[in-house]
1. So residue 70 passes all but one of these: (1) assigned to a helix (DSSP H, G or I); (2) touching an Asp or Glu at 6+ places or on another chain (Cβ under 7 Å). Which condition number does it fail?
2. Of all helices (runs of 4 or more DSSP H) completely enclosed by the range 73-160, which ones contain at least 1 residues that are modelled with pLDDT of 85 or more and either crowded, with 16+ Cβ neighbours inside 10 Å or acidic (Asp, Glu) (or both)?
3. Which one is surrounded by the most Cβ atoms within 10 Å (Cβ to Cβ) among residues in the range 12-70 that are within 21 Å of residue 96 (Cα to Cα) and among the aromatic types (Phe, Trp, Tyr)?
4. Hey, can you tell me all the residues within the range 22-41 that are β-branched (Val, Ile, Thr) and within 14 Å of residue 1 (Cα to Cα)?
Amino acid sequence: NLGELERHLQRNPGDARAWAIYARVRAERGEFAVAESAYAQAVAARGRVALDPAIWCEYAETVAMGNGGRLAGRPETLIARALQLNPRHPRALEMAGSAAIEQERYVEALQHWEQLLELLPVDAPQHHAKAEQRNEQYRHRLEGETQNRDQRDTDLAELQTLRDDCLV
């Protein structure tokens, strides 16, 4: 019950796990400003919650949703914190790549998604082979200093497909 959780937080404002749960509930309801504030409380408590990169990714996603879905700016800073905690965190790598794509930093996006590719399970060879083949194509395309706008749009679509393949 949300009311019980709110009363618990009033009595126990340092309960980071409860703040994270409260943030999730509010985000699911589309109350992104309230959820953002709750995530701030959760990570400020300096316990295990603040050291969990998944929480930082949730926090970044909530801030982005309150900002029209854009990952640039504060969400990207929160994603960077998740990567500081775990440089191989799959969701943080995916989000960092998406943030880079959003700002047309294609090489950086590729770097994040190449790291994500390395994390694919060994028992998923079809995904690994397909994504590795695409990676090689993108690496060659993105090495050139100039690209026309149509090629960049094509690269963007292909990079997003790579990301999707990595997440399957």
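The values are calculated or read from the model by the stated rules, or taken from the named source; none is laboratory data. Remember, it's a predicted structure, so these values are computed and weren't measured experimentally. Note that we place each Cβ from the backbone using ideal geometry, even for glycine, and neighbour counts take in every protein chain shown.
1. (1)
2. Details: elements: 74-85, 90-102, 106-118, 125-143.
Hits in the range 73-160: 74-85, 90-102, 106-118.
3. For the range 12-70, the residue satisfying everything is 56.
4. The first filter runs over the range 22-41 and keeps only residues β-branched (Val, Ile, Thr), leaving 25, 34.
25, the sole residue that qualifies.
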